[in-house]
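Enquirer: Take a look at this one; I'll ask things after.
The values are calculated or read from the model by the stated rules, or taken from the named source; none is laboratory data. Just so it is clear, the model here is predicted, and its values are computed rather than measured. As a convention, Cβ positions derive from the backbone with ideal geometry for all residues, glycine included, and neighbour counts pool all protein chains shown.
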Amino acid sequence: MTFLNTALLWGLGLVSIPIIIHIIRKNKVIELDWAAMEFLFDIVEEQKKRFQLEDLLLLLLRIGVILFLVLALARPVINSKLFGLGGGNTIVAVDDTYSMETRSGTKTRFDRASEAASSVISGMNSNKGGALVLHRANPEKVIGSLSGDLGLMTEAVNNLKVSDFHGNDSAGLKTALDIITKEKPAGTSLFFISDFQKSEWANPSPELAEVVKSLKEKTDIIFVNVGDTELNNLSVKELRCLQESVKINETAWFTAKIHNSGTEDNNDVPVYFSVDDTVRETVSVSVPAGQSTSVVFKSSVDIEGYHSASVRIGIDSNSKDNTAYTHFKAYEKLKVLVLQNFRPTNFDEKRALFVDFAMNPYQGASSSENALYKFTWANVQALSSEDLNQYSFIIMDDVRAMTSTEVKFLEDYVREGGGLYIAMGQNSDVDNYNRVLHKEGKGIFAWPLMDTAVEEEEEGKYLNVQIENAKHEIWGFINSEEGLTGLRLKKAFGFLTTASDRAFSLMKLRSEGDDRSLMACFTYGRGKAYVMGTTSTMEWNNMATLPVFLPFVRKVTSWLMEERFGEPEVYVGSGYFEELTEDKARAEFELTSPSGNITSADVTINDKKYFLNIPSFKEAGIYKLQERGGSYSRTFSVNLDNKESEIESLSTDELKTKYSPMGIKVVDIEGISTITSGNNTSDISKLLLILAALCWLGENLLTVLIAKRGQHG
Amino acid sequence: MKKLSKYLHPAIISKVGAYVINPKSVVEGNIAGAHKSPFHGFSVEFAGHREYMPGDDTKHIDWNVYYKRDKYFIKQYEAETNLVSQLFLDASESMNFKSGDISKLDYANYLAVTLTYLITAARDSMGIGVFNDKIVEYLPPSNSRQSVYKISKILEEIEPVKKTAMDNSLMDFAERIGRRQLVIIISDCLLRPQELHDGLSRLRYDHHEVVLFHVMDPQEVDFNLDGTIRFKGMEQFGELKLDARRVKKAYVKKFAEHRHRIMEVCEKNNTEYVAANTGRPVSELLMQYLNSRLTHVSR
């Protein structure tokens, strides 16, 4: 038997009160000379045993009143397992998100969570079932159906490790709700063991409130807080390569963001930059409290192909988020095809030369040894004569018109992920463009070109334009649309904007009632197209003189090459989904995790299409996807979701304030034993209260009875 | 002015002073009086004749009978004598008990002195025997008015000690007094009924008219006590600590039974039983008692 309020057991001393009163009353007597003593002696002789019995009974009842009352207030519980009673089903949800790796003293939060889970399991009744759930953004049912095998649950808990996942306040509870809904057990308790980060739990989301409401109808919810007071944590928030592609033996630039989510400044933090697991550079940075510091690294590689890079900081309170990963592909050269109405024969005829300079900022541009992009000039017939797939992207510079056949090759190229940069000019035939590229919305152009142009009102007064979709990554280099001041357009057709899920506009006229798009972006298959929809008299050099030209071109081309050369940003918990060409439908793929585990990646069929499907990445680091016996390969840099780096926990009192009104019991690691014992034990305080009341009643009845019998009856 | 008798209270005398105590049967007095004697004397009331015996006074010879029978017959008349009364007062330690202003002994003393006054006022004699386990004081009967003061003095000086032993005391007392007298016993009767029976039997043997004043304190009767009480026993009984409420019923029952047995003993021995509750004024008790004597007196 244990007591929930052991402090009140001091009250047991009160039991002495009736004894003392009993003794005092016995001793507090009136003395009286009495003549008829013989009668009294006779009575005592006759009723001595009864008097003693009554006295004893009265004393016991008075002791009983106080004893049972004090015990009831101390809330004793008995282990009902001994009687095969009580102890309902138990679902244990353990938070294994990476914030649980936070160390305070000798133990991490997860160490305490494991102890708490073991404590809960040890208190379970084997006659009832138990389930084990991992709470995180991608919750997992370790034991997904109620099992009475406590050994299995204990073993499962012992094998748990902190994951790289981030959290989601309602995910674990939803999973528990699934189990309860599915199994419909009676009398279930849900122990939710977590560090309850402030960033996640300070304000209960409506979704969480909804789940709690549903759960409360079916189970008791107990929040077990294993958090600590640790606030300070450094994390590597981001690492990326500043170039979309890297040339071998040329310097590549990387930037990393070191974030301090604590309340104390961190000075001289060592930061290690590695390429292909070799430390290339070490710097020391200072990170003010609550802020981020960006660090730039440079490095070069001498082998073509994929390379991994990582940034790591020294050990702090949470070691999980101290490393960020990225990867890049190094090339000797990347080819760019520039199509004009005719193949230029001299320097002046290369109208797109400024793009070349923007992409290859060296003397001689693409002809330089250092240049990554090799520009090839050709006329439009090259679409049908050249293997377009060898080009990183294609520039069409004021091409007058194309044949359907040529466009078919172009469409195939774009559909498979190619990039198309179209700069329309005074020679461009709008009708031809609409016919072969728009094709009533089925072509590369999602929108049709307007057949009437807008022109400058008078000489030297250019069209007044403004940017659209200012938050798009292409505009990421400017702070405001004023950055485009100086863009001089004299005449433009533009696109008639209609509702389409594969088109967006980057620029339009700043005039009311005219929504035509002057710069439009289209997606087509896996590829993309950027179209400067003007037939302006604008010269390339006109725009190229603008300071924004170089970043604009690099952003646009980066966007165009994203599918082929860029790698999607992947976080732990997110997945990867790719439509495969038919020839890959029967291919087998294997995924190698950062820790070296190799698993098969599934190919699924949906609507006669084949998809490579990786449901979720579970570790931070570099994953490699390789076709067995094939050429297909991909590399994924999987990073942590940085929200979880905000390690500050809510205190148990704060949790109580927020969640007790929702009907959730909140305890800390010390209080869990009382709850677990309470879960498998029966609180007999009510019974004791009844006993105390019965004793009180009995004492009064006996007193009245004695008095009545002594006087009348 | 010096008070002549503590127990001769004017308020009582003023109420009962006019009463006369007549014996309910014949009494053997020592002087001629107003009360019927078992002896033939020479009063006015003719009783019969007997033959003359030498030594008889010749003046009592009935000459008319001599003429008819030729023998000497003496005329006899019923003797009338005085009432000789004896008080037999219990002065054991238990008589000292009181719950109110007056102890049982004081109450008994008031009774004794007032009765003495009434007896001697009628020129009858009153004697007293005071006893506990034996007779501790004895004053022979006297019809002198001084008897009141003598008896009162004895009672004032008496120190109630020891236990009641009525049987022996009454035996002794019976030896000391004559026959056919009025014996008034005043006691709290805290004794074994058999003791009383033995004593009264002895008195009945001598043809005494016996009256028992059973002196009781109201608290003894009703036991109106509360709380835990240490009862300190009189007459060398020990001590007893009791919750009064718990024994009340049993005690009251026991006391009533005891009283009932006393009354039975009295009835068996032709003794008049008078309950004397000290909670009741002496004058009231005496008035009631004397009135009842007037209505029930028989010769």
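Enquirer: From the list A:LYS508, A:LYS490, A:LYS439, A:LYS461, exactly one residue is without any contact (Cβ under 8 Å) to a residue 12 or more places away in the chain and either among the polar types (S, T, N, Q) or on the phi < 0 side of the Ramachandran plot (or both). Which is it?
Expert: Only one candidate qualifies: A:LYS461.
Enquirer: Report, by residue number, each residue of segment A:566-602 that is farther than 30 Å from A:TYR98 by Cβ and either in contact with a strand residue (DSSP E or B) (Cβ under 6 Å, 6 or more places away or on another chain) or buried (at least 19 other Cβ atoms within 10 Å of the Cβ) (or both).
Expert: A:GLU579, A:LEU580, A:ALA585, A:ALA587
Enquirer: Among the residues of segment A:251-271, how many are assigned to a loop (DSSP other than H, G, I, E, B) and touching a Leu at 6+ places or on another chain (Cβ under 7 Å)?
Expert: Going through segment A:251-271 one residue at a time, the tally reaches 2.
Enquirer: Now for a different question. Being surrounded by fewer than 18 Cβ atoms within 10 Å (Cβ to Cβ) and in contact with a Lys or Arg (Cβ under 8 Å, 6 or more places away or on another chain) is the filter here, so list the residues in segment A:604-634 that pass it. If you could, list the steps in order and put the result at the bottom.
Expert: Narrowing segment A:604-634 to residues surrounded by fewer than 18 Cβ atoms within 10 Å (Cβ to Cβ): A:604-609, A:611, A:613, A:615-616, A:619, A:624, A:627-633.
Within segment A:604-634, A:LYS624, A:GLU627, A:GLY630, A:TYR632, A:SER633 meet the criteria.
Enquirer: Let me ask something else. For A:ALA378, all conditions in the list (1) touching a residue at least 60 places away in the same chain (Cβ under 8 Å); (2) under 25 Å from A:THR534 (Cβ atoms) hold save one; what is the number of the exception?
Expert: Of the numbered conditions (1) touching a residue at least 60 places away in the same chain (Cβ under 8 Å); (2) under 25 Å from A:THR534 (Cβ atoms), the odd one out for A:ALA378 is (1).
Enquirer: Among the residues of segment B:173-191, how many are buried (at least 17 other Cβ atoms within 10 Å of the Cβ) and either within 14 Å of another protein chain (Cβ to nearest Cβ) or out of contact with any Asp or Glu (no Cβ under 8 Å at 6 or more places or on another chain) (or both)?
Expert: 7
Enquirer: When you check A:TYR632 against the structure, is it touching a residue at least 60 places away in the same chain (Cβ under 8 Å) and more than 30 Å from A:ASN260 (Cβ to Cβ), yes or no?
Expert: Here the answer is no, as A:TYR632 does not meet what is asked.
Enquirer: Before we move on, is A:LYS174 in a loop (DSSP other than H, G, I, E, B) and at pLDDT 80 or above?
Expert: No, not satisfied.
Enquirer: Let me ask you something else. Only residues that are surrounded by fewer than 19 Cβ atoms within 10 Å (Cβ to Cβ), of a type outside the set (Phe, Trp, Tyr), in contact with a helix residue (DSSP H, G or I) (Cβ under 7 Å, 6 or more places away or on another chain) and facing another protein chain (nearest Cβ under 7 Å): list them for segment B:203-255, please.
Expert: Residues satisfying the conditions are B:GLY227, B:THR228, B:LEU240, B:LYS249.
Enquirer: Yes or no: segment B:269-280 includes at least one residue that is crowded, with 19+ Cβ neighbours inside 10 Å and touching a Pro at 6+ places or on another chain (Cβ under 8 Å).
Expert: For segment B:269-280, residues crowded, with 19+ Cβ neighbours inside 10 Å and touching a Pro at 6+ places or on another chain (Cβ under 8 Å): present.
Enquirer: What are the pairs with Cβ atoms under 6 angstrom where one residue, in segment A:116-130, is within 19 Å of A:GLY187 (Cα to Cα) and the other, located anywhere, is part of a loop (DSSP other than H, G, I, E, B)? Sequence gap at least six, or different chains.
Expert: A:ASN125/A:GLY87; A:SER126/A:GLY148; A:LYS128/A:GLY87; A:LYS128/A:GLY88; A:GLY129/A:GLY148; A:GLY130/A:MET124
Enquirer: Further question on the same structure: Going through B:SER92, B:SER144 one at a time, which residue ends up being under 26 Å from B:GLY199 (Cα atoms) and assigned by TED's automatic domain parsing to the domain that holds B:VAL282?
Expert: B:SER92
Enquirer: Looking at (1) at pLDDT 85 or above; (2) touching a strand residue (DSSP E or B) at 6+ places or on another chain (Cβ under 6 Å); (3) more than 14 Å from chain A (Cβ to nearest Cβ), find the lone condition where B:TYR107 falls short.
Expert: (3)
Enquirer: Something else about it: Provide a single number: the residues in segment B:48-70 that are exposed (fewer than 10 other Cβ atoms within 10 Å of the Cβ) and either touching a residue at least 60 places away in the same chain (Cβ under 8 Å) or part of a loop (DSSP other than H, G, I, E, B) (or both).
Expert: Within segment B:48-70, residues that are exposed (fewer than 10 other Cβ atoms within 10 Å of the Cβ) and either touching a residue at least 60 places away in the same chain (Cβ under 8 Å) or part of a loop (DSSP other than H, G, I, E, B) (or both) number 5.
Here is a yes/no grid of residues against (1) at pLDDT 85 or above; (2) buried (at least 21 other Cβ atoms within 10 Å of the Cβ):
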residue: A:SER126; (1), (2): no, no
residue: A:GLY129; (1), (2): no, yes
residue: A:LEU132; (1), (2): yes, yes
residue: A:ASN138; (1), (2): no, no
residue: A:VAL142; (1), (2): yes, no
residue: A:SER145; (1), (2): no, no
residue: A:LEU160; (1), (2): yes, no
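Enquirer: Could you grab me the full set of residues in segment B:84-121 that are acidic (Asp, Glu) and assigned to a helix (DSSP H, G or I)?
Expert: Listed by number, the residues that qualify are B:GLU93, B:ASP106.
Enquirer: Going through segment A:361-393 one residue at a time, which ones are touching a helix residue (DSSP H, G or I) at 6+ places or on another chain (Cβ under 7 Å) and either part of a strand (DSSP E or B) or charged (D, E, K, R) (or both)?
Expert: Result: A:TYR373, A:LYS374, A:PHE375, A:SER392, A:PHE393.
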